[in-house]
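Presented below is the structure to which this report refers.
The values are calculated or read from the model by the stated rules, or taken from the named source; none is laboratory data. Since we're looking at a predicted model, the values are computed, not measured. For accessibility, only protein heavy atoms count, side chains too; no ligands or nucleic acids. Shrake-Rupley method; radii C 1.70, N 1.55, O 1.52, S 1.80 Å.
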Amino acid sequence: MKSIFTFILLLVITFSSAHAQDGQYLMSSGKLEVRSGPGLQFNTIAEVPQGTQVYVMSSSYGDWSAIQFKKMNGFVLSKLLTEDSRIADAERAAQEAAAKREAAKHAAAQAIAKAEEAKRAAEEAARRAIANAERLKRDAEASAAKAIADAEAASRSKDAAARRALADTEETRKAVEEANKRAARGSNVASNPIESTTPSYGSSSSSSNNTAKPASIEVSRENKYSSWEKKTYKSGATPKSFNFKGKFDYKLDNYLKIKVGKNTEVVVKMYKMGKTKSDDELVRITYINSNTTQFIRNVPEGEYFLKIAYGRDWKETTKNGKKYGTFTQNALYEESKQILDFNTVKTSKGINVPSYNLALDLLTNGSGYSTGNKEENISAEDFNN
């Protein structure tokens, strides 16, 4: 009895060592007799019904396999064991479930990545839309500011034109009044010949009454510019007689737009105002032909006033090594009272760069031409200083 127990114990130890190598679940294809050893000579220690699942620990005993059934170990004929399809099906189902789980995880990861990408694209589109809206808003504000400035400039020009028209009307009224006065005094007042008060001792001295008669003389107007050289400049040029090079700020895209009418050509001098009159700085000198629109661009920041020469037939000369230039016909000069503020305006939306429009021409009156605003008239010396 002791030897049988020892043999069974050895078998159990053997079963345990083979467990890790051949362990699998099988099912009995028929009624199984579990014996205490691998052979018919060993005792039957249990019976396993057909279709019962057992755990095969080792199949290395010839025709016999060591199994575990419930809480006992024993041996059965290997040919009476068959594979348990339920285990295989369960394993396949588990594998399929695991594959589906991995596929679901992969699909979820892809969906999350696409969602993140769509989120980033939406944020970028929103950022661009906001930036574009801000740009359009700044452009609209700048356009509105420019429109307001143009409207104010147009209003000022209109007021100046109205003042000039009133002055022209007043000048015409005075001229008509003066003509009426001359007519009342007699039509020959303006046509009396200029006669010499010096006695003539020419051929008329042998007249019968021997009385000296005044002799008429010829009066001619001297053209003091006859020796000067006529110059022709394109609009936008600086006459060489001024020997001046303009100052520019190419970072500023501003301008003074000047439209000159048909009655004159002009030379425009732009002065940047200083703290005192002596600090005023000449920045530009520009020649503009009649019936021409000229842009004076890239004006440095500051407040400006203009001196303007009107006329025709520009001529130049050199005296004592210094060049001079002037209009020789219908020359008139004025200094504008209007201040042009070219300082940029910084706002929370950007920088507004001011520009201006100006219309220049001489107005006709009964005796010639005028600038239309006597308060702004200056002398040629004031213009050239």
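Heavy atoms only, 1.4 Å probe, whole protein assembly: order SER143, SER36 by accessible area, highest first.
Numbers: SER143 75, SER36 20 Å².
The most accessible residue leads, giving SER143, SER36.
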| task | Give the relative contact order (percent, whole number) for segment 256-385; include only Cα pairs under 8 Å separated by 6+ residues. | result | 27
| task | Taking a cut-off of 15 Å between Cα atoms, list the aspartates and glutamates near LYS315, but don't count ones fewer than 8 places away on the same chain. | result | GLU229, GLU265
| task | Just the number, please: carbon plus sulfur as a percent of the accessible area of segment 253-312, 1.4 Å probe, no ligands or DNA/RNA counted. | result | 43
| task | For segment 256-301 and segment 96-121, compute the distance between their C-alpha centroids and round to whole Å. | result | 71
